[in-house]
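Engineer: Please read through the structure below; I'll follow up with questions.
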Amino acid sequence: MRTAALRNNNSKKIDTYRVMILDDEEITVKRLLKGLGAAKELRVEGFILAKDALEEMRKSPPDIIISDIKLKDAHGLDLIDKIKVNSRNTLIILMTGYASIDQAVKATKKGAFYYIAKPFSIKELRQTVSEAIELIRSRRQRNMIIDQLGREGRLGEIIGSTPEMLQIFKTIKQIAPIDCNVLIKGETGTGKELVAKALHLHSKRNRHPFVSFNCGAFTEELIANELFGHEKGAFTGANSTKLGLLETASGGTVFLDEIGEMPLSMQVKLLRVLQENTIFRLGGTTPVGIDCRFVAATNRNLDKMVSKGAFRQDLFYRLKVVTIALPPLRKRREDIPALAVYFAKKAAKKFGKPTPRIGNDFLDAIVEYRFPGNCRELEHMVERAVALSRGSRLTTEDLPPDLWLLQEPQKQIKETASLRKLEIDYIMDVYKKTGFNQSETARILGISRTTLWRKLRRFNITSRKQLP
Ligand SMILES: Nc1ncnc2c1ncn2[C@@H]1O[C@H](COP(=O)(O)OP(=O)(O)OP(=O)(O)O)[C@@H](O)[C@H]1O
Ligand SMILES: [Mg+2]
């Protein structure tokens with residue numbers, strides 16, 4: 001029997017999605033072609049034999065394939081492997097008359113996007129296809145962002161292409177050459193030190209030192225000694241004159257990290273330095289002129305500290321001539337793919353490995369994660385994945401197990417509950433709240449639908465009736 005491809009005629013659209021239908025019953029193929037063909041954004045082709053579909057796929061992979069699980073010349077589960085070889089990014093929707101969860105789990109384990117039990121309505125199929133398209137669309141957008149990386153999506157080592165980050169890049173370039181003090185605010189791991197370095201690199205001071213000082217790591221005496229140095233004989237053990245950090249950084253930039261941790265008594269001394277640009281070495285009586293630019297950083301709310309009297313207002317105003325507020329990573333999720341690519345490259349270089357590509361499943365999982373540790377946490381996660389990965393592509397297997405479980409900060413962790421119990425409870429919670437919508441549940445949990453399916457199966461949550 002000749003199995004010429006049957007096509008609808010929406011092939012001239014620009015932002016279109018190519019869908020292949022494969023079923024050994026011609027009548028089914030025709031019904032689905034008709035049912036989906038009406039959608040303007042779809043270019044649908046029908047096949048009756050797997051070999052024809054595969055041949056076509058080798059020439060040009062479709063975005064979606066909707067296939068029967070039992071075909072004349074192939075079995076759907078084997079087909080998945082073949083499709084994956086020809087086109088890794090094609091989303092597979094399997095249909096079957098022998099609905100069984102086992103088959104579904106096998107199919108999703110092998111990488112099917114969805115499993116739909118016959119008989120189904122065209123409406124149901126359309127719904128599934130539009131979910132698949134939503135995923136493809138977000139992947140396309142992500143790839144575009146990755147492509148842009150290297151053009152405007154970065155400033156030196158700082159990656160970002162969201163409007164907030166682009167604005168920050170602009171501010172850095174504008175204020176770097178002006179010698180004003182800058183206060184950088186942001187949660188841990190958002191890149192405060194990176195921004196401070198960028199300010200230095202874009203300034204006239206870039207041939208001089210960039211010196212970083214952690215204001216929280218020392219007692220008041222040690223801070224004074226570190227910053228101002230001491231004269232010979234200033235205290236027991238001061239056998240020679242020691243230059244302080246502010247003197248050694250002469251001409252350059254001093255990065256005062258964790259400025260909110262600086263003891264109040266030390267704040268007065270620092271204020272004087274900022275006002276007069278001179279210091280006294282410990283035990284010294286002659287003022288020494290210094291020439292530094294000050295960039296301070298904090299992850300604390302300095303405004304609040306000022307109002308409570310825990311931070312000096314005058315020093316606060318001196319430091320924040322310009323403020324740069326770095327957004328947390330969860331508020332700029334669009335940057336996650338580009339950051340992941342960048343970190344993968346960085347880690348590969350560090351480990352002397354070839355740079356792996358990043359699988360879509362890997363990206364799907366991380367773009368939804370909350371990242372309380374922001375970019376640093378993402379960097380560690382990717383670095384770990386690169387270290388563990390044996391292939392040329394990072395997949396969810398390379399992510400920490402139960403990544404998604406870490407996402408729920410509000411959840412009260414009961415000491416007595418096992419992780420498994422918490423996992424089940426939480427999945428049920430979300431599943432119920434979404435009205436048993438699997439796509440939505442997977443999205444909220446930050447896992448792929450395939451993973452959700454596997455978990456539902458593993459925990460025996462096979463239908464809504466079984467939920468308490
Ligand atoms: N936008 C970014 N692009 C690329 N790398 C980034 C970005 N933001 C942070 N990083 C990387 O994340 C790590 C943490 O950044 P950094 O030390 O600057 O954060 P921080 O805000 O100073 O954190 P903390 O408050 O904990 O000191 C670094 O390895 C840095 O290179
Ligand atoms: Mg820091």
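Engineer: Please pick out the residue among Arg140, Arg58 that is in a helix (DSSP H, G or I), under 30 Å from Gly160 (Cα atoms) and without any contact (Cβ under 8 Å) to a residue 60 or more places away in the chain.
Structural biologist: On inspection, the qualifying residue turns out to be Arg140.
Engineer: Out of everything in the range 284-322 that is out of contact with any Leu (no Cβ under 6 Å at 6 or more places or on another chain) and aliphatic (A, V, I, L, M), what residue ends up being surrounded by the most Cβ atoms within 10 Å (Cβ to Cβ)?
Structural biologist: Step by step, filter the range 284-322, then rank; the result is Ala297.
Engineer: Also, quick follow-up: Which pairs do you get when a residue that is in contact (Cβ under 8 Å) with a residue 12 or more places away in the chain, found in the range 425-440, comes within reach of a residue that is acidic (Asp, Glu) and assigned to a helix (DSSP H, G or I), reach meaning Cβ atoms under 6 angstrom, with the pair 6+ apart or on two chains?
Structural biologist: From residues that are in contact (Cβ under 8 Å) with a residue 12 or more places away in the chain, the pairs are Ser439/Glu131.
Engineer: Report the residue count in the range 207-247 for those that are buried (at least 16 other Cβ atoms within 10 Å of the Cβ) and part of a helix (DSSP H, G or I).
Structural biologist: 9
Engineer: Right, something else. Please specify each residue of the range 251-275 satisfying the condition of being of a type in the set (S, T, N, Q) and either within 16 Å of ligand 1 (Cβ to nearest atom) or surrounded by fewer than 17 Cβ atoms within 10 Å (Cβ to Cβ) (or both).
Structural biologist: Answer for the range 251-275, where residues must be of a type in the set (S, T, N, Q) and either within 16 Å of ligand 1 (Cβ to nearest atom) or surrounded by fewer than 17 Cβ atoms within 10 Å (Cβ to Cβ) (or both): Thr253, Ser265, Gln275.
Engineer: Do we find a residue being within 13 Å of the chain's Cα centre (by Cα), more than 30 Å from Lys269 (Cβ to Cβ), within 16 Å of ligand 1 (Cβ to nearest atom) and among the aliphatic types (A, V, I, L, M) anywhere in the range 359-368?
Structural biologist: yes
Engineer: Is there a residue in the range 347-369 that is part of a helix (DSSP H, G or I), at pLDDT 95 or above and surrounded by 15 or more Cβ atoms within 10 Å (Cβ to Cβ)?
Structural biologist: yes
Engineer: Given the criterion touching a helix residue (DSSP H, G or I) at 6+ places or on another chain (Cβ under 7 Å), among the charged types (D, E, K, R) and either at pLDDT below 95 or assigned by TED's automatic domain parsing to the domain that holds Ser212 (or both), identify the matching residue among Arg281, Arg272.
Structural biologist: Numbers: Arg272 fails: touching a helix residue (DSSP H, G or I) at 6+ places or on another chain (Cβ under 7 Å).
Just one listed residue meets the conditions, Arg281.
Engineer: Taking Ser161 as meeting all but one of (1) modelled with pLDDT of 90 or more; (2) within 28 Å of the chain's Cα centre (by Cα); (3) part of a loop (DSSP other than H, G, I, E, B), write down the number of the exception.
Structural biologist: Looking at each condition in turn, Ser161 falls short on (1).
Engineer: Still on this model: So how many residues does the range 175-214 have that are in contact (Cβ under 8 Å) with a residue 60 or more places away in the chain and within 14 Å of ligand 1 (Cβ to nearest atom)?
Structural biologist: Qualifying residue count, the range 175-214: 16.
Engineer: A further question follows. Looking only at the range 276-288, decide whether some residue is away from ligand 1 (no atom under 16 Å from the Cβ), within 20 Å of His200 (Cβ to Cβ) and under 38 Å from the mean Cα position of the chain (by Cα). Steps first, answer last, please.
Structural biologist: To start, the set of residues in the range 276-288 that are away from ligand 1 (no atom under 16 Å from the Cβ) comprises 276-288.
Restricting the remaining residues to those that are within 20 Å of His200 (Cβ to Cβ) gives 277.
This time we only want the ones that are under 38 Å from the mean Cα position of the chain (by Cα), so: none.
Taking every residue of the range 276-288 in turn, none turns out to be away from ligand 1 (no atom under 16 Å from the Cβ), within 20 Å of His200 (Cβ to Cβ) and under 38 Å from the mean Cα position of the chain (by Cα).
Engineer: Select from the range 66-115 the residues that are under 33 Å from the mean Cα position of the chain (by Cα), surrounded by fewer than 22 Cβ atoms within 10 Å (Cβ to Cβ) and among the small types (Gly, Ala, Ser) and list them in ascending order.
Structural biologist: Hits for the range 66-115 are Ser87, Gly111.
Engineer: Next up: Within the range 337-346, does at least one residue satisfy the condition of being within 15 Å of ligand 1 (Cβ to nearest atom), in contact with a Gly (Cβ under 7 Å, 6 or more places away or on another chain) and either in the same structural domain as Val268 (by TED's automatic domain parsing) or on the phi < 0 side of the Ramachandran plot (or both)?
Structural biologist: Yes, because at least one residue in the range 337-346 is within 15 Å of ligand 1 (Cβ to nearest atom), in contact with a Gly (Cβ under 7 Å, 6 or more places away or on another chain) and either in the same structural domain as Val268 (by TED's automatic domain parsing) or on the phi < 0 side of the Ramachandran plot (or both).
Engineer: Further question on the same structure: Is there a residue being assigned to a helix (DSSP H, G or I), closer than 27 Å to Leu194 by Cα and touching a residue at least 60 places away in the same chain (Cβ under 8 Å) anywhere in the range 259-268?
Structural biologist: yes
Engineer: Something else: Are any residues in the range 188-206 assigned to a loop (DSSP other than H, G, I, E, B) and over 18 Å from Phe343 (Cβ atoms), and if so, which ones? So that I can check it myself, show each step before the final result.
Structural biologist: Narrowing the range 188-206 to residues assigned to a loop (DSSP other than H, G, I, E, B): 188-191, 202-203.
Passing the criteria: His202, Ser203.
Engineer: Across the range 300-344, which residue is modelled with the highest pLDDT among those that are within 21 Å of Asp361 (Cα to Cα) and of a type in the set (Asp, Glu)?
Structural biologist: This residue is Asp335.
Engineer: Which one is farthest from ligand 2 (Cβ to nearest atom) among residues in the range 269-285 that are without any contact (Cβ under 8 Å) to a residue 60 or more places away in the chain and assigned to a helix (DSSP H, G or I)?
Structural biologist: Glu276
The values are calculated or read from the model by the stated rules, or taken from the named source; none is laboratory data. None of the values given here were measured: they were computed from a predicted structure. Reconstructed Cβ throughout: ideal geometry from the backbone, glycine too, with neighbour counts over all protein chains shown.
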